[in-house]
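Note sheet for the following structure.
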Amino acid sequence: MYPKLDIYIDKIIHNAQYLRQECQKVGVELTVVTKVIRAMPEIVIPLRDAGVTSFGDSRMINIKRLRQSGIENPLYLIRIPMLSEVPSILEYADFVFVSELETLKRIVHTSGKKNTAVLFMIDVGDIREGVWFEQADRDLEQALKIAGPRLIGLGTNLGCFGGVLPDENNMRMLCEFGARYGLPTLSGGNSAALLLIEEGTLPEQINHYRVGEAVFLGTDVTRNRAVPGTDLDTFLLRAEIVELQTKPSVPVGEIGQDAFGRKPEFEDKGLRQKAIIAVGEQDIIASGLRPLDPKIIVLHASSDHTILDVTDSDQAYRVGDFLSFRLSYGALLRAMTSEYIFKNIVV
Ligand SMILES: *Cc1c(COP(=O)(O)O)cnc(C)c1O
């Protein structure tokens with residue numbers, strides 16, 4: 001069944017165990033963030049069995065699925081909650097990150113099975129979630145009054161929206177707030193913050209990381225690098241060639257917008273050998289496909305077709321051949337979400 005996503009579970013386990021050890025050495029607990037794999041139990045259960053102690057996800061539906069597949073470990077909801085999901089949080093999640101006092105009140109004043117603990121998010125520069133650091137004192141005083149001992153710590157997120165890189169300075173800011181309000185758990189980082197551990201510049205008060213990308217792909221997209229010690233061949237997409245023809249590199253006719261409202265640009269390289277593979281925007285992000293054959297160029301995709309330039313390849317491809325790709329974080333997210341990609345755990 002194609003397109004197929006081969007999932008190399010042993011390599012994912014290696015990455016999780018390795019990163020867990022590296023974090024442990026500096027007193028940081030690693031929570032594996034499962035959103036990119038949609039908390040697929042066939043991946044999460046082996047990770048638990050291999051020693052991962054806690055998991056985080058952005059979606060309650062994934063957290064619920066983890067519980068229902070027998071995961072009893074601590075679970076973190078890492079996306080700031082919708083008010084409408086508070087009852088579900090109190091049934092399934094052990095920890096939740098919040099940035100709104102209104103949400104905190106709702107959590108504290110709703111009764112549920114669990115006494116879900118709260119971490120308050122502080123925005124130290126990335127302009128995504130969290131109370132902006134210049135206003136944080138006001139909200140933290142209030143938050144402590146509202147939540148009392150259920151407020152156990154602080155979190156921050158970097159490198160996601162603004163692309164701001166975690167560094168010693170923005171991490172110290174989190175530590176200062178933690179010290180001022182006596183909040184012991186400081187959740188400082190994601191994959192982008194692993195570099196601080198490698199370099200030995202992470203302030204020692206930071207004691208929790210939430211890591212997805214480096215576990216599942218071995219990469220850190222914010223610095224465009226492979227994380228040392230991890231394995232990159234964790235997922236490989238296999239797609240089938242359905243057309244292989246020689247065509248011009250520039251279309252003929254007046255050019256409007258493509259199927260997604262984009263205006264494609266073309267470089268005239270004359271006639272080229274083009275392959276169409278049966279996978280498209282519904283399943284992947286074309287710019288996030290990294291062909292294992294380094295001489296293949298990924299050109300563009302529409303909903304169901306991805307166009308490749310295979311002219312320079314040393315292989316004599318034929319219709320019906322399968323091509324393999326590593327995936328970027330965004331492409332993996334979409335591939336895991338696409339119902340049209342067959343997921344194959346390789347053991
Ligand atoms: C996705 C996410 C993470 C994990 O980030 P990676 O870059 O995949 O390690 C951590 N924290 C929050 C709040 C997130 O949304």
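Annotations
- Considered as a group, the residues in the range 127-145 that are in contact with a Leu (Cβ under 7 Å, 6 or more places away or on another chain) and of a type in the set (A, V, I, L, M, F, W, C) include one that is surrounded by the most Cβ atoms within 10 Å (Cβ to Cβ), and that residue is Ala143.
- Scan of the range 92-138 for residues that are within 24 Å of Asp167 (Cα to Cα) and away from the ligand (no atom under 16 Å from the Cβ), ordered by number: Trp132, Phe133, Glu134, Gln135, Ala136, Asp137
- Residue check for Ile276: assigned to a loop (DSSP other than H, G, I, E, B) and away from the ligand (no atom under 16 Å from the Cβ): no
- Boolean, Ile9 is buried (at least 23 other Cβ atoms within 10 Å of the Cβ) and within 30 Å of Gly320 (Cα to Cα): no
- Members of the range 18-37 found to be surrounded by fewer than 17 Cβ atoms within 10 Å (Cβ to Cβ) and either of a type in the set (Lys, Arg) or out of contact with any helix residue (DSSP H, G or I) (no Cβ under 9 Å at 6 or more places or on another chain) (or both), listed by number: Gln21, Gln24, Lys25, Gly27
- The listed residues are Ile241, Ile255, and the only one of them that is of a type in the set (Val, Ile, Thr), away from the ligand (no atom under 16 Å from the Cβ), assigned to a strand (DSSP E or B) and touching a Phe, Trp or Tyr at 6+ places or on another chain (Cβ under 9 Å) turns out to be Ile241.
- The condition (being under 21 Å from Phe216 (Cα atoms), hydroxyl-bearing (Ser, Thr, Tyr) and either assigned by TED's automatic domain parsing to the domain that holds Ile13 or under 19 Å from the mean Cα position of the chain (by Cα) (or both)) is satisfied by just one residue among Ser338, Ser324: Ser338.
The values are calculated or read from the model by the stated rules, or taken from the named source; none is laboratory data. Since we're looking at a predicted model, the values are computed, not measured. Every residue, glycine as well, gets a Cβ built from its backbone with ideal geometry; the counts of neighbours run over all protein chains shown.
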